[in-house]
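Data first, discussion second: the structure below is written as structure tokens.
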Amino acid sequence: MPDTLKSCPQCHSPYGYFLEEDLYACPECDHQWNPNEGMKVLDSNGNELQDGDSVVVVKDLPVKGASKPIKVGTKVKNIRLTDGDHNISCKIDGFGSMALKSEFVRKA
């Protein structure tokens, strides 16, 4: 029985605890997961995203230090999935390298 806490992949609570066999549970959102399974990243419609996918921004996104937001409908090609809150790493024309949240994009 592991004695370490794991961060919840859904709500990011640091209190995920060992439940049984390879299963962990979150006391804050009741999410259960197997940390040995691959990372699943879903878009705003619930479609699973993969490295190399193209996505479309579904909401105007303000950018710190930029005079204009990333506009709704902007297509982003060749994304890379990462761990963390901003789980998409990409390059956007006119903005450069960016980290986006998958909840603000849909699969193209």
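Listed as lacking a disulfide-compatible partner in the chain: Cys90, by the criterion of no other cysteine Cβ under 4.7 Å.
Taken along the Cα-to-beta-carbon direction at a fixed 7 Å, the label points for Asn45 and Met98 span 1.9 nm. Taking Cα centre as origin and charging only the Cβ of basic (Lys, Arg, +1) and acidic (Asp, Glu, -1) residues, the dipole magnitude of the chain rounds to 1000 debye.
The portion of the accessible surface of the chain made up by carbon and sulfur, rounded to a whole percent, is 45 (1.4 Å probe; DNA, RNA and ligands excluded).
Rg and Dmax of region 1-105, based on Cα coordinates, read 16.2, 52 Å. Each of Pro9, Ser89, Pro27 was scored by the projection of its Cα onto the charge dipole of the chain, and the greatest displacement toward the positive side belongs to Ser89; charges sit on the C-beta of Lys, Arg, Asp and Glu. A cut-off under 10 angstrom between Cβ atoms defines the neighbours of Lys107, and their net charge, with Lys, Arg +1 and Asp, Glu -1, is -2. Per residue, the chain exposes 67 Å² of accessible surface when a 1.4 Å probe is rolled over the protein heavy atoms with every protein chain present. A cut-off of 5 Å between modelled amide H atoms, ignoring neighbours fewer than 5 places along the same chain, links Thr82 with Ile88, Ser89.
Dipole orientation for the chain: of the candidates Leu61, Ile79, Ser44, Leu61 has the Cα lying most toward the positive pole (charges on Cβ; Lys, Arg +1; Asp, Glu -1). Most tightly packed first, judged by the mean number of other beta-carbon atoms within 10 Å of their residues, the peptides 23-32, 60-69 read 23-32, 60-69. Inter-label distance, Glu28 to Ser89: 2.5 nm, where each label sits 7 Å from its Cα along the C-beta direction.
The values are calculated or read from the model by the stated rules, or taken from the named source; none is laboratory data. In this text, all values refer to a predicted model and were calculated from it rather than measured experimentally. Here the Cβ is made from the backbone with ideal geometry for all residues, glycine too, and neighbour counts use every protein chain on show. We work out accessible area using only protein heavy atoms, side chains counted, and drop any ligands, DNA or RNA first. Shrake-Rupley method; radii C 1.70, N 1.55, O 1.52, S 1.80 Å.
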